[in-house]
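Enquirer: Below is the structure I would like to discuss, written out as structure tokens.
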Amino acid sequence: MATEIFQRTPLTEKIGGSFAYLILIFWAILSFIPLTWLFITAFTPQDFIVRMPPKVNFSLLSLVNFINLFERGQVFRWFLNSFYIACLVTSFNLFFSSLAGYTLAKKVFPGRNVIFWMIISTMMIPGQVTLVPVFIMMTNFKLLDTHAALILPQIVSVFSIFLMKQYIQTLPSELEDAARIDGCSEFSVFWRIILPLCRPVLAVLGIFVFVANWNNFLWPLIMLNTPSKFTIQVGLATLQEQFATDYGILMAGAAFAAVPMIIVFLSFQKHFIKGLTIGGVKG
């Protein structure tokens, strides 16, 4: 009897699908509210922001916060610093992680599985634990207050190696054997055969790494002392005053920093969705 009552029919599937869409729309609107408030506040003069409750009037919107932001801070320099650091880290991370993933996925050598699980086990170590050792290392290398100190520790990551290894091991080995028969060296097999086949996972990983480095705050805050070398996240934090905070300037800076991430998400959202399943293949 219970089976007959809850039997799936086209009507129940339609109702269930409509209910699921309503829940998703509700959460989408709820998630969109903070972003909307960010941009509204960025264009609202400070006098109206600090009122309780804040007064929102679209006729009062202006660019005064952005003008003050560009006058007070080196925003464009901070923006370029973050951009080129994120691009370099992403490029190096994709290359070295894919190289390590290819080695662990396709090469047979003693201790391969032990090495892989040793690498994976380091994911259990919180990043805060390694801050002091890495800081001491960068100081001994005379890299304090340089962008190299932000780039070098990030050129490869355990998550990137894991993701690349899981994807590369699903590729057919016959393609590599055919390339070797044609006279390709091991690096040529990796460069000419493996990397082109890894474009989907490289796109996903590239987005993750770029976004993570763009939003990185703690490590640049520790390593950088010169204002002209600040990244956008650290630079915006310096705009806060000791006894008063201009929320209009802060929101304008946050909106300015969020624009690249919004563009990246809208341009590559299908890769974000694909990233939820890549690496879930057992092998």
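Enquirer: Can you pull out the chymotrypsin sites (Phe, Trp or Tyr not before Pro) in the range 187-264 whose DSSP state is coil and whose Cβ has at most 10 other Cβ atoms within 10 Å?
Expert: On the way: sites: F187, F190, W191, F208, F210, W214, F217, F230, F243, Y247, F256; in loops: F217, F230, F243.
Taking the range 187-264 and a limit of 10 other Cβ atoms within 10 Å, the loop chymotrypsin sites (Phe, Trp or Tyr not before Pro) found are F243.
Enquirer: Averaged over every viewing direction, what's the projected area of the C-alpha convex hull for the range 197-248? Give it in nm², one decimal, please.
Expert: Numbers: hull surface 21.4 nm².
Projected area, direction-averaged: 5.3 nm².
Enquirer: Follow-up question, since we're still on this one. Using bins 5 angstrom wide from zero, how does P(r) for the range 136-257 break down, in % of all Cα pairs?
Expert: 2, 9, 14, 14, 13, 11, 11, 9, 7, 5, 3, 2, 1, 0, 0
Enquirer: Follow-up. What size of dipole, in debye to the nearest 20, comes out for the chain about its Cα centre when the only charges are +1 on Lys and Arg C-beta atoms and -1 on Asp and Glu C-beta atoms? Spell out each step's value before the answer.
Expert: Details: 18 positive and 12 negative charges, 55 e Å.
The dipole of the chain has a size of about 260 debye.
Enquirer: Apply the membrane-span-like helix rule to the chain: whole DSSP H runs, Cα extent along the own long axis of at least 18 Å, mean Kyte-Doolittle hydropathy at least 0.5. List the helices found. Could the numbers behind the result be given before it?
Expert: On the way: long enough: 10-42 (48 Å, 1.46); 75-106 (45 Å, 1.02); 199-214 (22 Å, 1.70); 247-267 (30 Å, 2.07).
Span-like helices here: 10-42, 75-106, 199-214, 247-267.
Enquirer: Within the chain, count lysine pairs with alpha carbon atoms under 23 angstrom apart where the residues are 8 or more positions apart or belong to different chains.
Expert: 10
Enquirer: I need the fraction of alpha carbon pairs in the range 67-274 separated by more than 28 Å, rounded to a whole percent.
Expert: 41 percent
Enquirer: Report the relative contact order of the chain, percent, no decimals, based on alpha-carbon pairs under 8 angstrom and at least 6 residues apart. Walk me through the intermediate numbers first.
Expert: Values: 260 pairs, mean separation 86.0, N = 283.
Result for the chain is 30 percent.
Enquirer: Quote the FRET efficiency, to the nearest 0.05, computed for F141 versus K270 with a Förster distance R0 of 45 Å and r equal to the Cβ-Cβ distance. The partial results should precede the final answer.
Expert: Working: r = 40 Å, r/R0 = 0.90.
My answer for the efficiency is 0.65.
Enquirer: Can you compute the helix-only [θ] at 222 nm over the chain? Use -39500 (n - 2.57) per DSSP H run of at least 4 residues, normalise by all residues, nearest 500 deg cm²/dmol. Could you put the intermediate results ahead of the total?
Expert: Values: 15 runs with 181 residues, N = 283.
Calculated at 222 nm, the ellipticity per residue is -20000 deg cm²/dmol.
The numbers here are math on the coordinates, done by the rules we state, and not lab data. Quantities reported herein were computed from a predicted structural model and do not represent experimental measurements. Cβ sites come from the backbone with ideal geometry, for glycine too, and all protein chains shown count toward neighbours.
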